[in-house]
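Data first, discussion second: the structure below is written as structure tokens.
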Amino acid sequence: MSRVVQRQDVIDHLKAGGEVTGGPISGYSIRGGQYGGWTVRSDTLISLLQAGLIDKEEDKVSYYNHYRWKSQQRSGAERL
């Protein structure tokens, strides 16, 4: 059974500069940090996207999506 991150912990992780990765088939999970590898509920991401609080970036190589807090700006070179 997977461990699921609470909504507020997801928000705190993203605000601290972390990210959530995944997709509808494989599911979504926290990347790095205290909850690294833990599952994130899709309805949590959907509500944050609809509220305009996070950005969704598609990864053309892995076909995963990357979700980051809206105020965080990254260039392509920083992800490499």
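Pick out which of Lys60, Lys15, Lys70 has the largest mean-square fluctuation in a Gaussian network model of the chain, springs linking Cα atoms closer than 10 Å.
Lys60
Taking the alpha carbon gyration tensor of segment 1-61, what are the square roots of 5 times its eigenvalues, largest first, to the nearest whole Å?
15, 14, 12
Choose one answer from Leu45, Leu53, Leu14: the residue with the largest mean-square fluctuation in a GNM of the chain with alpha-carbon springs under 10 Å.
Checking each option, the largest mean-square fluctuation is seen for Leu53.
None of the figures in this text is laboratory data; all of them are computed from the coordinates on show. Owing to the predicted nature of the structure, the values given are computational and were not obtained by experimental measurement.
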